[in-house]
1. Which residue is nearest to the chain's Cα centre (by Cα), if the candidates are limited to region B:125-136 and must be within 11 Å of the ligand (Cβ to nearest atom) and open to solvent by less than 20 Å² (accessible area, probe 1.4 Å)?
2. If residue A:527 satisfies every condition in (1) at pLDDT below 95; (2) open to solvent by less than 20 Å² (accessible area, probe 1.4 Å); (3) more than 23 Å from residue A:233 (Cα to Cα) but one, which is the exception?
3. Got a sec? Which of B:28, B:97 is away from chain A (no Cβ under 14 Å), within 11 Å of the ligand (Cβ to nearest atom), in contact with a helix residue (DSSP H, G or I) (Cβ under 8 Å, 6 or more places away or on another chain) and farther than 18 Å from residue B:165 by Cα?
4. Please give the number of the condition residue A:499 fails out of (1) touching a residue at least 40 places away in the same chain (Cβ under 8 Å); (2) open to solvent by 20 Å² or more (accessible area, probe 1.4 Å); (3) β-branched (Val, Ile, Thr).
5. Could you please give the count of residues in region B:230-252 that are open to solvent by less than 10 Å² (accessible area, probe 1.4 Å) and either at the interface with another protein chain (Cβ under 8 Å from one of its Cβ atoms) or in a loop (DSSP other than H, G, I, E, B) (or both)?
6. Give me a count of the residues in region A:698-708 that are in a loop (DSSP other than H, G, I, E, B) and touching a strand residue (DSSP E or B) at 6+ places or on another chain (Cβ under 7 Å).
7. Working carefully through the options A:141, A:131, A:117, find the one that is touching a Lys or Arg at 6+ places or on another chain (Cβ under 6 Å) and over 30 Å from residue A:683 (Cα atoms).
8. Go through region A:517-561 and report how many residues are in a helix (DSSP H, G or I) and basic (Lys, Arg).
Amino acid sequence: MPKDQGIGASTKRREDVRFLTGKGRYTDDINLRGQTHCVFVRSQVAHGRINAIDTSAAEAMPGVIKVFTAADFAGKGGVPCGWQIHDKQGNPMLEPKHPILAEGKVRYVGDAIAAVVAETLEQAKDAAEAVVLDIDELPAVVDMKAAVQGGALVHDELSSNLCYDWGFIEDNKGAVDEAIKSAHHVTTLELVNNRLIPNAMEPRAAIGDYSMASDDYTLYTTSQNPHVIRLLMGAFVLGIPEHKLRVVAPDVGGGFGSKIFHYVEEAFVTHAAKVVGRPVKWTCSRSESFMTDAHGRDHVTKIELALDKDGHFLAIRTETYANMGAYLSTFASSVPTYLHGTLMAGNYKTPHIYVNVKAVFTNTVPVDAYRGAGRPEATFQLERVIDKAARELGIDPIELRRRNFVQPNEFPYQTPVAVAYDTGNYQATMDKLVEIADLSGFEARRAESAKKGLLRGLGVNCYIEACGIAPSNLVGQLGARAGLYESATVRVNATGGIVVMTGSHSHGQGHETTFPQVVAEMIGIPEGQVEIVHGDTANVPMGMGTYGSRSLAVGGSAIVRATNKIIAKAKKIAAHLMEASEGDIELKDGKFSVAGTDKSVDWGSVCLAAYVPHNYPLAELEPGLEETAFYDPSNFTYPAGAYACEVEVDPGTGKVTVCSFAAADDFGNVINPMIVEGQVHGGLAQGIGQAMLEAAAYDENGQLLSGSYMDYAMPRADDVPFYKVDHSCQTPCTHNPLGVKGCGEAGAIGSPPAVVNAVIDALQRGGYSHVTHIDMPVSPVRVWSAMQG
Amino acid sequence: MYEFDFEKPATVAEAVAALGREDAMALGGGQTLIPSMKQRLAAPSALVSLTGIAEMRGVCTGDDAALCVGGATTHAAVAAEAAGRYPALAALAGNIGDPAVRNRGTIGGSLANNDPAADYPAAVLGSGATIVTNNRSIAADDFFEGLFTTALEPGEIIVEVRFPIPERAAYAKFQQPASRFALTGVFVAKTANGVRVAVTGASESGVFRWGEAEAALSADFSADAIAGLSVPADGMVSDLHGTPAYRANLVKVMTQRAVSAA
Ligand SMILES: Cc1cc2nc3c(=O)[nH]c(=O)nc-3n(C[C@H](O)[C@H](O)[C@H](O)COP(=O)(O)OP(=O)(O)OC[C@H]3O[C@@H](n4cnc5c(N)ncnc54)[C@H](O)[C@@H]3O)c2cc1C
């Protein structure tokens, strides 16, 4: 019998009532008294020297309050990067200033040069057109390899466009080189992990507000982590102490990573609100989103896999160029390094691994974390090169993977790339995949496709990811400039209802439904008695927000801790009320009872006693029932799984159709199966989108070619099949109280290689044996062109 | 958007008069014009909506048995009302954009705009249709003059499009993955006078007729009849979604598929 509430129940998402009826409250829905509107004047060239900015005509236009340029931010800091990487030699990465408005140079199409604040949005737009720019266009660098081989300097003050040249782990390199030199077989693959534009449904928006009366600031913003914005913007950019700065991230319509980062527009509206003495609102247009939201991925990689004659993996060596864009976005530097290099072992026992990453500045918008962040890039290379090796060695691709799995009895498993997997069972998820994907029926389906003149292919891959980000002491050693714990306050009201203030932030994940399931289960009360509050630094203890599939594993663990403190105190109160010893009190189904007796007192009476302490042990116990806890994980969590995709290729046009997709995941324990499946579905659509459709493209002058939905192909419902998903293989995480691992990114991480593997398989079986790789997206033109040879 | 005036006349004559004003523009369904105004790429002084002109809406049969489609008829209306008499045309209209676009966008707007990847130009040229404006009739062969250019004079309104009904016809569209306009679309129509083949989406000079295929298909209306033909890649569009060689291939493949479907 499926449960109808608590842990394991598919409770319907309570937040959907407001989302689906248009009652959400997003940043753009907020209108403050006396609010002004702001429009940015953005660079139309990718690289140029600013000679002069004439704002006089714009300033004279109707409704204009002020036109800002970099001069108005003299003495203010730039937007900081949150993670310092050290290169092979131990030198810190190059870290150019990212000013709020361009200083001296523009560095990408969309770079903010000036901003108009006016009474109405239309007036601000009119005036923005009247700002006269005198800019000398400079040659742009777009290609990463050209950028490090003497192309134009993106930042004149830097010695090169190479942000860092990172080796991981430098001590492994000798053994890796040796193993590759002497191996029976080495498979080499050069590939591109295509650049993506996040396209959250809600574009970014921000409203700055300043109160002269109290000298404090409020920023409403589309953020996945309001406390991080408060810290970065307050401490590094504007110099506002945290007690004078409130950051609110209300309903947020999707982030996928792109709303983690601290953007210049947030600092702009906050500062401008004080200067003009009125609230300043900015809402990004969709075209502006394409140009200015941090993009994702954009890696160019060469990977080599060495194998012995039986197909055992001996060593992996990679060299990757990672695009940083024109400035370092908040977590840009960590994505191709610690979120990517640490995952290069995959699900396999490869004794020697060395990862080299060259991070490069180019005249493009900054690139940063995007659903999966580094882990999809690692998975794609590894699972593509394994497939290629299998073909070269004539070993079945599933068998080759199984042969190299970390076996169930080998956990905890220390990889050669720093991380140690606590638990897993990769054979079990592969077995499950073979079953749900009906792999034994593939040949029959292939014959059916052939009758229609279509080439059918099967692609399989595994993935592992490091989630539950992250142990603070570990990431601190690796260069993170923040801790990555999470916080929770559980406030019990006098009549027994509970409000949980969490530092996690929900922007589609369903926390308002899932977190109450945990608390309700622990206490034994209805879920409806528990409410979640998030997204406001004035109400919530210092938290680090939501990304890296961390909310339940880290944020949920903080909630469990705080709830345990509540239960411990409530038991003391119950013991007093029943004149029993605390050690004899049991809590079950919302009732405290004395072991071995029929005495009991219910949850509500205990809560009431806490706030109306007439009969209460006041000498030993404070009144009230409210507890705060912080949780800092001792390790990452390691969700893993096996995915299978079947495609049909139309040989006349090169068009690929994804016919089926199956995902067998191990997320550890599952709180709400329906929400987990929803997360997997969304992730799969995103991964299939990357594999099949999406590509951010700049021309050689740095103009964005894919600047609208006319050219940037998002996956639509008819681009993806009905999925078969399974999460019944569960090896609970060993180091967090819920035994959970995180499920938010798996689909996006695990699906691209399955799609490409399937396309290559279709072509190979169809007689196109010269096609061993096609870069994503595997669009019709690319597939057809590859088939022509 | 910049400020503009809005008029909704009830007759063609009133519309023509209203369009006499400097920088006034006709408004069909607004599916192309309004987005470009929102992006401040178009700044008409006035919009003259054509959708209130009763004689410009709907599908009927002309004296010569042609299918007459009013210039302000939506794609959805063509999909529904032409299905019985000209299923190939109805199917084309029913596959333009999405339901919102089809219930607003009009045939006149699509033809006047002459987007090189639009679907209707293939049907009009492939059918050998006639474009009737407020002051003349223009044969399809004389109407399309390259990317976003037509034989229309400033202020001239497409009042009606007359399609002779072919014996067999079909439209085969290969969608551009992002916009779902035609990466290449081929309309094939077989009449007593021979076969017409019109190709949209592929060429740098807009919709065109593939003469060689027309000759081969007039002799033998089968996909095999053009197996040995090819169009040169020269002059085909090159963009993110297709190389010239790829588009040249699609011209042939889509023609064959249209013939098989007709
Ligand atoms: C999301 C989306 C998807 C689309 N997909 C497709 C597709 O797959 N295939 C396709 O072919 N098209 C597609 N379109 C375009 C659509 O078909 C439009 O309807 C068409 O391009 C313009 O028609 P309209 O009536 O909206 O014209 P409008 O936008 O109103 O006008 C366009 C131009 O035509 C002029 N005009 C309008 N009516 C007349 C007239 N009767 N006489 C003279 N001039 C006139 C206007 O002045 C203007 O210059 C799509 C559009 C959108 C927004």
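The values are calculated or read from the model by the stated rules, or taken from the named source; none is laboratory data. Predicted model, so just to flag it, every value in this text is computed and none were measured. Here Cβ is always computed from backbone atoms with ideal geometry, including for glycine, and neighbour counts include all displayed protein chains. The accessibility values were calculated without ligands, DNA or RNA, using every heavy atom of the protein model including side chains. Shrake-Rupley method; radii C 1.70, N 1.55, O 1.52, S 1.80 Å.
1. B:131
2. (1)
3. When all the criteria are applied, what remains is B:28.
4. (1)
5. Total satisfying the criteria: 3.
6. Qualifying residue count for the region: 1.
7. So the residue among A:141, A:131, A:117 that is touching a Lys or Arg at 6+ places or on another chain (Cβ under 6 Å) and over 30 Å from residue A:683 (Cα atoms) is A:117.
8. Matching residues across region A:517-561 total 1.
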